[in-house]
Amino acid sequence: MPEETITRARKLRKVDELEESQAILLDLLAEHPNHPVVLYEVGGSYEVMGEEKQAIPFYKNAIGSGLDGDDLQECLICLGSSQ
């Protein structure tokens with residue numbers, strides 16, 4: 001399931017293993033292209049790598065795909081700060 005992989009990618013991002021985290025998330029995106037949390041995490045990965053403009057479509061797609069709860073709130077904040 002995507003949740004385990006997302007958790008692993010988040011842990012990598014916390015220890016500044018940004019490229020490895022991004023690679024994991026992009027592979028996950030290929031398997032789950034419409035999963036709202038995957039879309040949100042890919043956007044977040046681009047953002048922490050300094051590529052905010054690339055993050056925007058992923059944030060918008062995550063919201064459109066039904067992202068909810070705390071992830072939705074955080075996504076909206078990230079989207080607002082990226083534009």
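The values are calculated or read from the model by the stated rules, or taken from the named source; none is laboratory data. It should be emphasised that the depicted structure is a prediction, and the values quoted were computed from it without experimental measurement. Quick reminder, even Gly has a Cβ in these numbers, built from the backbone with ideal geometry, and neighbours come from all protein chains shown. All accessible areas refer to the heavy atoms of the entire protein, side chains included, with ligands and DNA or RNA removed. Shrake-Rupley method; radii C 1.70, N 1.55, O 1.52, S 1.80 Å.
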Among (1) more than 23 Å from GLY80 (Cα to Cα); (2) of a type outside the set (Gly, Ala, Ser); (3) assigned to a helix (DSSP H, G or I) - the single one ASP16 does not satisfy: (3)
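Quick grid of which residues meet (1) open to solvent by 90 Å² or more (accessible area, probe 1.4 Å); (2) in contact with a Leu (Cβ under 6 Å, 6 or more places away or on another chain):
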| position | (1), (2) |
| --- | --- |
| THR5 | no, yes |
| GLU20 | yes, yes |
| LEU26 | no, no |
| GLU31 | yes, no |
| LYS53 | yes, no |
| PRO57 | no, no |
| GLN73 | yes, no |
| GLN83 | yes, no |
Members of the stretch 38-51 that are open to solvent by 30 Å² or more (accessible area, probe 1.4 Å) and either touching a Ser or Thr at 6+ places or on another chain (Cβ under 8 Å) or not in a helix (DSSP H, G or I) (or both): GLU47, MET49, GLY50, GLU51
What pairs come up if the first residue lies in the stretch 42-60 and is more than 22 Å from GLU31 (Cβ to Cβ), the second is open to solvent by 70 Å² or more (accessible area, probe 1.4 Å), and their beta carbons are under 7 Å apart, counting only those six or more places apart or on different chains? ILE56/GLN83
